[in-house]
Amino acid sequence: MNNMKRNDLIFITVFLAAFCILQSCGGNAENLSVGSAAPGFTLQDADGNIFSLSDYKGKNPVVIYFYPKANTPGCTKQACGIRDSFSKFNENDIIVLGISVDSKESLKEFINDHNLNFPLLSDETKEVSKAYGVLNNIGLTSRITFIVDKQGNIAHIIRDIDVETHADDVFNIAIKLK
């Protein structure tokens with residue numbers, strides 16, 4: 001009987017951990033709302049290039065998509081969707097920035113493995129993720145997208161993301177901000 005209880009406990013623990021990862025364990029950006037100023041940030045991409053949100057103010061709508069972990073199935077599908085649609089973002093001067101707490105080295109591998117053609121930014125300090133309210137209880141970023149208008153305000157927040165349609169969904173929202 002003790003073995004049965006122990007196995008049940010192990011199963012429940014593993015199930016809850018997996019559920020927590022799938023549900024992102026919090027980090028639902030409740031601290032921000034549509035119309036509020038997007039928190040400013042300066043982060044580096046995989047190559048050490050610096051990106052600041054303020055660089056686009058008055059110029060471009062910006063899609064900021066937070067994702068949990070490079071090279072995982074859902075994150076890969078989401079990133080490849082952006083990659084495959086990137087020309088239409090680029091042609092319409094819509095900036096796309098992917099952000100996670102992954103190291104620059106992990107991002108470089110992710111970019112190379114999947115021929116990604118847009119910036120992925122490293123938030124290893126987790127400060128930007130905290131500012132956007134997307135840092136979850138296990139220290140990863142939740143899968144949430146913010147679309148920022150030219151004035152630097154949050155125009156749209158997508159909390160329930162379908163990785164299959166994400167690229168089209170965010171493009172269709174951002175193009176209206178031109």
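The values are calculated or read from the model by the stated rules, or taken from the named source; none is laboratory data. Predicted, not measured: the structure shown is a model, and the values here were computed from it. Neighbour counts run over all protein chains shown; Cβ positions are idealised from the backbone, glycine included. Protein only, heavy atoms only, side chains kept; ligands, DNA and RNA dropped before computing areas. Shrake-Rupley method; radii C 1.70, N 1.55, O 1.52, S 1.80 Å.
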Original post:
What is the packing order of peptides 42-50, 168-176, taking the mean over residues of other C-beta atoms within 10 Å and listing the highest first?
Top reply: 168-176, 42-50
Subject >> the chain: Rg to Rh, with Rh as the Kirkwood radius over Cα pairs >> reply: 1.03
Subject >> Simple label model, 7 Å out from Cα along Cβ direction - residue 54 to residue 33, nm >> reply: 2.7 nm
Original post:
How would you classify region 114-160 from its alpha-carbon gyration tensor, with a ≥ b ≥ c the square roots of the eigenvalues: rounded for a/c under 1.5, else prolate if a/b is greater than b/c, otherwise oblate?
Top reply: oblate
Original post:
Using the alpha-carbon centroid of each, what span in Å lies between region 35-70 and region 89-134?
Top reply: 9 Å
Subject >> Cα shape, region 46-109, gyration tensor, a/c 1.5 rule >> reply: oblate
Original post:
When the helix-only estimate is applied to the chain (DSSP H runs of n ≥ 4, each -39,500 (n - 2.57), divided by the residue count), what is the mean residue ellipticity at 222 nm, nearest 500 deg cm²/dmol?
Top reply: -12000 deg cm²/dmol
Subject >> Acute angle (nearest 10 degrees) that the helix 2-23 long axis makes with the longest principal axis of the chain, alpha-carbon atoms >> reply: 10 degrees
**OP:** Return the carbon/sulfur percentage of the accessible area of the chain, one whole number, probe 1.4 Å, all protein chains in place.
**Re:** 51 percent
Original post:
Taking only Cα atoms, what is the 0 to 90° angle, nearest 10, from helix 73-91's long axis to the longest principal axis of the chain?
Top reply: 10 degrees
Original post:
Which shape class, rounded, prolate or oblate, goes with region 86-178 when its Cα gyration tensor gives a ≥ b ≥ c as root eigenvalues, a/c under 1.5 marks rounded, and past that a/b bigger than b/c marks prolate?
Top reply: oblate
**OP:** Provide the per residue accessible area, probe 1.4 Å, for the chain, rounded to a whole number of square angstrom.
**Re:** 52 Å²
